[in-house]
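Every number in this text was worked out from the coordinates using simple rules, so none of it is lab data. Computed from a predicted model, the values in this text were never measured in an experiment. Because the Cβ atoms are built from the backbone with ideal geometry, glycine has one as well, and the counts that use them run over all protein chains shown.
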Amino acid sequence: MRIFFGLVLASLAASLALAAGDYDQQGSGLRTVYDRAGNAINVANRTEEGRYLIDVANSDRLGGLHWSQVHGDTSPERASTFNVDSAGNVYIAGTRLAQGVKRMLLLKYSASGVLLWEQADDFRGCTAFNLTVTDNRGTWVGGSCATDSGYPVRVVHYSAGGDLLWGQQFDGGGRNYLRGLSVDFGGRAAAAVEVARGSLGGGNSFISTVVYDKGGGQLTTY
């Protein structure tokens, strides 16, 4: 039987990371998530014959497997975080590396394990680390980016059907790390961003909270 929780090769982690150590600095990861029925959803990254795969499985309280799925495209992919909505749909955010360019990746599975849709953000150089879901307003994905001009944070909002509603960047100077992402009942998204001055892992840092309205307009920063 295939061992579900495989380790990702160091080469994949290096190729998909924003920069050395940046995955660790984000503070997000793959942990067990439970739906309203008490089922456990687990996601893991693994490799098989040179392919980089994302495994997702749904198990009951006694460990009995309801379903499992494997996602793998021709491009290397890595899952960073995932969540579930009240209907049991599973959302997985991560990174796809295609032609040397990283893009934020989002997958949506139904409660029965059917892949409903997948999206790779058009903005180049980004790695997803945070994901929040609501029942009727869709999904927000956030991550950190490395561009020719800097290291911004990006937040993207998709509808429940996978349509891109808006995407915005924030750059407070230096390196920007997304520490948290939340959404209120009015559809306003708040991103907690650590702005680090100086080189990677050095210099002073501070936290900024960036608030976007439901249309993606930046309301305030504090």
>> Whole-Hz ³J(HN,Hα) for each residue in region 123-137, computed from phi via Karplus 6.51 cos²θ - 1.76 cosθ + 1.60 with θ = phi - 60°, x for glycine and proline: what do you get?
In response: 5, 8, x, 10, 10, 7, 10, 10, 8, 9, 10, 10, 5, 10, 10
> If you stretched the chain out fully between Trp67 and Trp166, how much longer would it get, using 0.36 nm times the residue separation minus the C-alpha to C-alpha distance?
Replying inline: 32.4 nm
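Within a Cβ distance under 11 Å of Val133, other residues only, what is the Lys/Arg minus Asp/Glu net charge?
Summing Lys/Arg as +1 and Asp/Glu as -1 gives 0.
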> Whose amide H sits under 5 Å from the amide H of Asn89, counting only residues 5 or more places off or on another chain, with H placed in the peptide plane?
Replying inline: Ala111
> What nm distance separates the two modelled labels at Asp213 and Thr74, each placed 7 Å from Cα along Cα→Cβ?
Replying inline: 4.3 nm
> When the Karplus curve 6.51 cos²θ - 1.76 cosθ + 1.60 is applied with θ = phi - 60°, which whole-Hz ³J(HN,Hα) does each residue of region 86-100 get, with x for Gly and Pro?
Replying inline: 5, 8, x, 5, 10, 10, 10, 10, x, 9, 10, 10, 10, 6, x
> In sequence order, what are the phi-derived ³J(HN,Hα) couplings for region 151-165 according to the Karplus relation 6.51 cos²θ - 1.76 cosθ + 1.60 with θ = phi - 60°, rounded to whole Hz, with x for glycine and proline?
Replying inline: 10, x, 9, 10, 10, 10, 10, 10, 6, 4, x, x, 7, 6, 9
>> Can you compute the label reach from Thr220? Point 7 Å from Cα along the Cβ direction, backbone N cut-off under 17 Å, restricted to region 175-195.
In response: 182-193
> Expressed in nm², what is the orientationally averaged projection area of the convex hull enclosing the Cα positions of region 10-173?
Replying inline: 9.8 nm²
